[in-house]
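Working notes, beginning with the structure itself.
The values are calculated or read from the model by the stated rules, or taken from the named source; none is laboratory data. Here the structure is a predicted model, which is why all the values come from computation and not from measurement. Cβ coordinates were reconstructed from backbone atoms using ideal geometry, including for glycine residues, and neighbour counts include every protein chain displayed. With ligands, DNA and RNA removed, areas are computed over all heavy atoms of the protein, side chains included. Shrake-Rupley method; radii C 1.70, N 1.55, O 1.52, S 1.80 Å.
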Number of protein chains: 2
Amino acid sequence: MTVEEFLQEKSQCVEAALENCLSNYSNAPPGLIAAMKYSLLAGGKRLRPALALGACELLGGKQSDAMPAACALEMVHTYSLIHDDLPCMDDDDLRRGKPTSHKKFNEATAILAGDGLLTMAFYELARTGRADAVAVLAEASGVGGMAGGQYHDMLSLGETCDIKDLQRIHACKTGALITASLHLGAIFADASSEQINALTGYGRHLGMLFQITDDILDVTGVSQLLGKSVGKDEQSSKATYPAVVGIEQARILAQEAAEAACDELSLFGEAAEIFHVLTRYILKRNR
Amino acid sequence: MTVEEFLQEKSQCVEAALENCLSNYSNAPPGLIAAMKYSLLAGGKRLRPALALGACELLGGKQSDAMPAACALEMVHTYSLIHDDLPCMDDDDLRRGKPTSHKKFNEATAILAGDGLLTMAFYELARTGRADAVAVLAEASGVGGMAGGQYHDMLSLGETCDIKDLQRIHACKTGALITASLHLGAIFADASSEQINALTGYGRHLGMLFQITDDILDVTGVSQLLGKSVGKDEQSSKATYPAVVGIEQARILAQEAAEAACDELSLFGEAAEIFHVLTRYILKRNR
């Protein structure tokens with residue numbers, strides 16, 4: 001299976017599950033559900049759900065067992081994008097090739113759509129009966145993870161940042177949820193702690209790889225392919241890998257992160273082939 | 001025990017638990033924790049935690065078993081206040097006698113402090129191992145509950161609203177979380193479904209009572225006692241009970257809600273005395 005086939009298969013399943021999930025909230029205001037759906041079903045790579053479903057399958061679990069976690073991860077990711085795009089945060093007009101939520105609707109609706117998605121993620125995950133899974137997702141999304149990373153990132157605007165600061169910010173902002181994706185997939189395959197350690201180790205390096213390539217694409221990328229504005233980071237004097245270490249060194253760090261990620265997969269041998277391919281794909285990505 | 005003693009005892013325990021809880025997040029940005037703490041420990045009646053702890057004790061449970069739920073409820077309530085006060089929502093400058101979060105810090109910090117509190121609530125609750133409790137809190141806080149109610153409330157600005165619309169908005173916006181407080185207290189006392197039904201029935205009427213008296217106080221109240229601006233609802237042409245049915249009829253509805261609430265407690269006999277007293281206290285409240 002090529003990585004494109006893998007990602008496409010996973011995103012089709014997840015999008016169907018997300019659509020089905022939203023349709024169960026008939027007691028909610030239709031306008032709010034529409035705003036949530038607008039951002040949740042706006043495309044995107046569905047990387048986090050794919051990691052969760054792939055990890056579950058790697059360990060012999062059923063894809064359907066990890067589907068609530070896959071949906072919850074995409075809801076949390078989408079909520080974070082909606083809130084990060086707000087005027088008082090990154091002030092972005094374009095996301096996945098479409099107007100951002102506050103542009104399409106208004107700020108109040110965007111804030112509530114994000115709040116609604118975050119809360120729905122925990123509801124859907126809690127309904128599996130696995131409180132341990134809820135704790136993993138909440139820890140990764142919270143102040144010691146993604147939300148804390150976004151706060152650090154905001155604080156870093158215009159500040160001098162070294163490579164350690166940058167790694168700390170991104171380990172939280174991007175790394176925590178990517179790591180949690182693999183962790184959740186493993187939980188729903190009833191993984192051993194050795195398997196969980198290997199997959200979360202892989203996730204940490206993959207998260208760093210993903211962020212470095214994201215930063216590089218903000219400098220070198222094509223807005224149309226990315227579906228978002230490029231050059232935003234430099235304009236806003238954000239701390240990024242190219243800004244802190246230069247673009248050549250950032251490419252070397254990406255290569256190293258990709259290798260370190262693959263090293264963590266040795267426990268699984270050839271069964272983890274798709275994760276090796278996925279890692280190279282992210283290293284070479286142009287969107 | 002007087003209701004003041006009951007509320008004071010519960011708030012002291014909950015505030016100590018909240019403070020202790022925040023101190024465990026040493027891996028989070030201190031500035032973000034400080035913003036969360038500012039709003040979380042700004043006083044307030046702690047009604048939702050008191051209901052949860054009281055319900056647990058009423059059914060023979062230990063207060064400490066319901067404490068994570070009590071903290072989670074106050075975190076969710078505080079997150080909702082922070083986001084509702086934002087300029088693009090209710091645009092309030094004063095809350096519990098202090099500047100609102102976005103006034104004290106800035107909008108981005110206020111949004112992240114709210115996001116952080118909501119996520120922390122689910123983390124703390126998930127750590128009890130009770131996924132059913134997480135589901136109850138998430139359902140009450142989400143698009144079919146509190147977040148949906150806030151969206152409806154926003155939409156209703158300047159619109160003509162009848163008493164049915166108003167009851168629907170407030171059943172979500174205020175009622176759902178108050179009902180969940182009693183439900184969660186019951187869960188941590190391993191309640192029967194009959195006991196849960198009685199307590200959630202009580203919660204629905206109490207929530208309505210609370211909202212009606214809140215609306216009345218916005219017209220008749222003293223800003224200093226309330227710790228927030230008064231007359232805001234009328235200024236912003238919000239749908240309120242006094243606006244829709246007049247102040248005298250609102251007082252009658254409050255009385256009826258109080259009686260209906262107390263009727264639901266018959267299952268518990270005299271053991272539920274504190275809830276009867278609390279209901280009368282809310283009916284007569286001036287803050």
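Suppose only helical runs count, i.e. DSSP H with n ≥ 4. What mean residue ellipticity at 222 nm does that imply for chain B under -39500 (n - 2.57) per run, divided by all residues and rounded to the nearest 500 deg cm²/dmol? Could the numbers behind the result be given before it?
Details: 16 runs with 200 residues, N = 287.
About -22000 deg cm²/dmol.
Among the listed pairs B:LYS37/B:LYS164; A:LYS98/B:LYS238; A:LYS10/A:LYS284, a Cα-Cα separation exceeding 31 Å is found for B:LYS37/B:LYS164; A:LYS98/B:LYS238.
For the protein assembly as shown, what is the accessible area per residue in Å² when the probe is 1.4 Å? Mind showing how you got there, number by number?
Details: 22040 Å² over 574 residues.
On a per-residue basis, 38 Å².
Remark on the stretch B:104-124: accessible area falls by at least 10 square angstrom from chain-alone to full-complex state for B:GLU107, B:ALA108, B:THR109, B:ILE111, B:LEU112, B:ASP115, B:GLY116, B:LEU118, B:THR119, B:PHE122, B:TYR123, probe 1.4 angstrom.
Please report, as a whole percent, how much of the solvent-accessible surface of the protein assembly as shown comes from carbon and sulfur atoms (probe radius 1.4 Å). Before the final figure, lay out the partial values.
Details: 10720 of 22040 Å².
Answer for the protein assembly as shown: carbon and sulfur cover 49 percent of the accessible area.
Hey, what did the stretch A:3-284 get for relative contact order, percent, Cα under 8 Å, at least 6 apart?
Values: 410 pairs, mean separation 54.5, N = 282.
Normalised by residue count, the contact order of the stretch A:3-284 is 19 percent.
Entry for the stretch A:151-224 at q = 0.17 Å⁻¹: log10 I(q)/I(0) = -0.72, Debye formula applied to identical alpha-carbon scatterers, no solvent contribution.
Counting only other residues whose beta carbon sits under 9 Å from that of A:HIS83, what net charge do I get with K and R as +1, D and E as -1? Before the final figure, lay out each step's value.
Values: positive: none; negative: A:ASP84, A:ASP85, A:ASP115, B:ASP115.
Once all neighbours under 9 Å are counted, the net charge is -4.
The convex hull around the C-alpha trace of the protein assembly as shown, projected and averaged over every direction, spans 24.3 square nanometres.
The modelled label-to-label distance for the pair B:LYS37/B:GLU248, using points 7 Å beyond Cα in the direction of Cβ, is 5.2 nm.
Once you charge only the Cβ atoms, +1 for Lys and Arg and -1 for Asp and Glu, what is the size of the charge dipole of the protein assembly as shown about its Cα centre, to the nearest 20 debye? That gives the protein assembly as shown a dipole magnitude of about 420 debye.
Here the stretch A:3-284 was treated as a single set of alpha-carbon atoms; its pair distances binned every 5 Å from 0 give 1, 6, 13, 17, 19, 18, 13, 8, 3, 1, 0 percent.
Interface burial in the stretch A:154-199, defined as at least 10 Å² less accessible area with all protein chains than with the chain alone at a 1.4 Å probe, covers A:MET154. Between B:THR2 and B:LEU267, the contour length at 0.36 nm per residue exceeds the Cα-Cα span by 93.2 nm.
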